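Asker: Below you will find the structure I want to go over with you.
The values are calculated or read from the model by the stated rules, or taken from the named source; none is laboratory data. All values reported here derive from a predicted model rather than from experimental measurement. Cβ placement follows ideal geometry from the backbone for every residue including glycine, while neighbour counts extend to all protein chains displayed. We work out accessible area using only protein heavy atoms, side chains counted, and drop any ligands, DNA or RNA first. Shrake-Rupley method; radii C 1.70, N 1.55, O 1.52, S 1.80 Å.
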Amino acid sequence: MLDSLHRARTEAISKILGNSDKNSLEQIRIEYLGRNGRINQEAKIITSLTKDEKVEFGRALNEAKRAIEGALDEALSEREAVEQQSFDPTIPGILPPVGSTHLISQAIEEISSIFTQIGFTRRRYPEIETDWYAFEGLNMPKDHPARDEQETFFVEGGLVLTPHTSSGQLREMLSSKPPIRMINIGKTYRRQSDLTHIPMFHQFEGLVIDEGLSISNLLGTLDYFAKNFFGEKREIRLRPYNFRFTEPSFEVDISCDVCGGVGCKFCKQGWLELGGAGMVHPNVLKAGGVDHKKYRGFAFGWGVERTYMMKSGIKLGDIRTILSTDIRHLSQF
Ligand code: PHE
């Protein structure tokens, strides 16, 4: 007598549990508790029961109704709670942290755009080189002490990690014909690590080959770069130096931004050292297959990080911090 009623009750409750759809909950209410619903259908058998049975059945009937109503109420109030925490599209969002171009990439982009504006072509040559491109072809014979000075990383198979971008001079001469105007920017490697040196750094190497070039063309080019990169007030000067692959050779200095050229603790009597330059040595022109009687060339090679650190207003005391990828550090520049 009670079996069918119990079945109806469990059936109803299992349909309600986990249901959060208002309409379908209302359907369930009608299906089970409505005037012609399952519970009232079940109640019909009451007329055929004895007095005692009626009492027992009546109690079970009320319990079943209450249980189904309770489950329905619970499901509806759960649904309301979910509705109340719903998404408000007018609340401003949380911005994800935005990165910025790395300092070195910024510097490289700026340097190449300054040079491409005056007709230089941007190049990038291998970072792993043969001895010939890195040294021998640049007029540095096997026993030359400059090879030790470079503090080179040697790799298996007689290869080296390029200690300078000058190896690109030979690659450029051998792969194109004069007039040449290249700006080769790439990674360079030396065994060094202190406040002003890192083992992997970048250099930019300019090479110009044409007829009738002289030191004044070199000076004019470097001055153009310095004014555009560092600012109108900055001056450059050439100091005699010795590189095997240029003759004459120079070290290039830029006037100090901190003291304006008078001399202070950041500079040497008003000047900061930038890098090397010179007129391409005839032996190097020969090695590059360039007619050294017809053409002359000039070249310069500077460190990107070092050059960037000397820009006005950049106060990076330790060159190693330039490698940081911490956004808090990078977003200052
Ligand atoms: N390759 C030299 C260096 O790394 C710089 C240089 C480049 C000098 C071109 C002269 C000409 O120090």
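Asker: Need the full-extension length gain, Ser20 to Glu232, defined as separation in residues times 0.36 nm minus the C-alpha distance. One decimal, nm.
Answerer: Taking 0.36 nm per residue and subtracting the Cα distance, the gain is 69.2 nm.
Asker: May I ask for the distance between the Cα centers of the stretch 196-234 and the stretch 319-333, given as a whole number of Å?
Answerer: Going from one Cα centre to the other spans 26 Å.
Asker: While we're looking at this one, here's another question. Need the C-alpha centroid separation for the stretch 250-281 versus the stretch 70-99, integer Å.
Answerer: Between the Cα centres of the stretch 250-281 and the stretch 70-99 lies a distance of 64 Å.
Asker: Taking the chain as a Gaussian network, Cα atoms linked when under 10 Å apart, which of Leu285, Leu207, Leu33 shows the biggest mean-square fluctuation?
Answerer: Per the Cα network of the chain with a 10 Å cutoff, Leu33 tops the list.
Asker: Between Gly99, Gly157, Gly260, which gets the highest mean-square fluctuation from a Gaussian network model of the chain, Cα cutoff 10 Å?
Answerer: Gly157
Asker: Apply 1/(1 + (r/R0)^6) to the Cβ-Cβ distance of Asp143 and Lys187, taking R0 = 22 Å, and write down the FRET efficiency to the nearest 0.05.
Answerer: 0.20
Asker: What is the gain in length, in nm to one decimal, between Asn217 and Glu74 on full extension, counting 0.36 nm per residue of separation less the C-alpha to C-alpha distance?
Answerer: The span from Asn217 to Glu74 would gain 42.7 nm if fully extended.
Asker: In whole percent, what relative contact order does the chain give with Cα contacts below 8 Å and a gap of six or more residues?
Answerer: Relative contact order for the chain comes out at 15 percent.
Asker: Enumerate the amide H contacts of Thr246 below 5 Å, restricted to partners 5 or more residues apart or on another chain; note that Pro and chain-start residues carry no placed amide H.
Answerer: So Thr246 has HN proximity to His281.
Asker: Another question, then. Rounded, prolate or oblate for the chain? Axes are the square roots of the Cα gyration tensor eigenvalues, ordered a ≥ b ≥ c, and the cut-off for rounded is a/c under 1.5.
Answerer: Prolate, because a/c is 1.5 or more and a/b exceeds b/c.
Asker: May I ask you to give the solvent-accessible area per residue for the stretch 103-330, in square angstrom, as obtained with a 1.4 angstrom probe?
Answerer: For the stretch 103-330, the per-residue accessible area is 47 Å².
Asker: In whole angstrom, how far apart do the alpha carbon centroids of the stretch 130-159 and the stretch 1-52 sit?
Answerer: Here the two parts' Cα centres lie 93 Å apart.
Asker: Carbon-plus-sulfur fraction of the accessible area of the stretch 1-41, 1.4 Å probe, in percent?
Answerer: Percent of accessible area from carbon and sulfur atoms in the stretch 1-41: 47.
Asker: Another question about this same structure. Give me the percent of DSSP beta bridges within the stretch 103-330 that run antiparallel, rounded to the nearest 5.
Answerer: Of all bridge pairs located within the stretch 103-330, approximately 95 percent are antiparallel.
Asker: While we're on this one: What are the DSSP H helices in the chain that stretch 15 Å or more along their long axis, judged by alpha-carbon atoms, and whose average Kyte-Doolittle hydropathy comes to at least 0.0?
Answerer: Helix filter hits for the chain: 103-116, 215-230.
Asker: Please compute the contact order of the stretch 2-86 in relative form: average sequence separation of alpha-carbon pairs under 8 Å and at least six residues apart, divided by the residue count, as a percent.
Answerer: 43 percent
Asker: Shifting gears a bit: Is the stretch 1-147 best put as rounded, prolate or oblate by its Cα gyration tensor, with a ≥ b ≥ c the root eigenvalues, rounded for a/c under 1.5, and otherwise prolate when a/b is larger than b/c, oblate when not?
Answerer: Cα axes put the stretch 1-147 in the prolate bin.
Asker: Next question, about the same structure. Test of understanding: what is the full-extension gain from Gln27 to Ile94, defined as 0.36 nm times their sequence separation minus their Cα-Cα distance?
Answerer: Contour length minus Cα-Cα distance gives 20.0 nm.
Asker: Could I ask something else about it? Would you calculate a helix-derived [θ] at 222 nm for the chain, using -39,500 (n - 2.57) for each DSSP H run of n ≥ 4 and dividing by the full residue count, to the nearest 500?
Answerer: One gets -11500 deg cm²/dmol as the mean residue ellipticity at 222 nm.
Asker: Still on this structure, please answer the following. With respect to the cross-link table entries Lys227/Lys268; Lys177/Lys311; Lys233/Lys286; Lys187/Lys227; Lys142/Lys293; Lys142/Lys286, which display a Cα-Cα separation exceeding 29 Å?
Answerer: Violating the 29 Å limit, Cα to Cα: Lys177/Lys311; Lys233/Lys286.
Asker: I would also like to ask the following. With a ≥ b ≥ c the root eigenvalues of the C-alpha gyration tensor of the stretch 1-47, is it rounded (a/c under 1.5), prolate (a/b larger than b/c) or oblate?
Answerer: oblate
Asker: Express in Å², to the nearest 10, the accessible area of Asp223 obtained by rolling a 1.4 Å probe over the protein heavy atoms while all chains stay in place.
Answerer: Solvent-accessible area, nearest 10 Å²: 50 Å².
Asker: In the stretch 45-89, whose amide N lies under 19 Å from the spot 7 Å out along Cα-to-Cβ of Leu2? List them in ranges.
Answerer: Zone members listed by number: 45-69.
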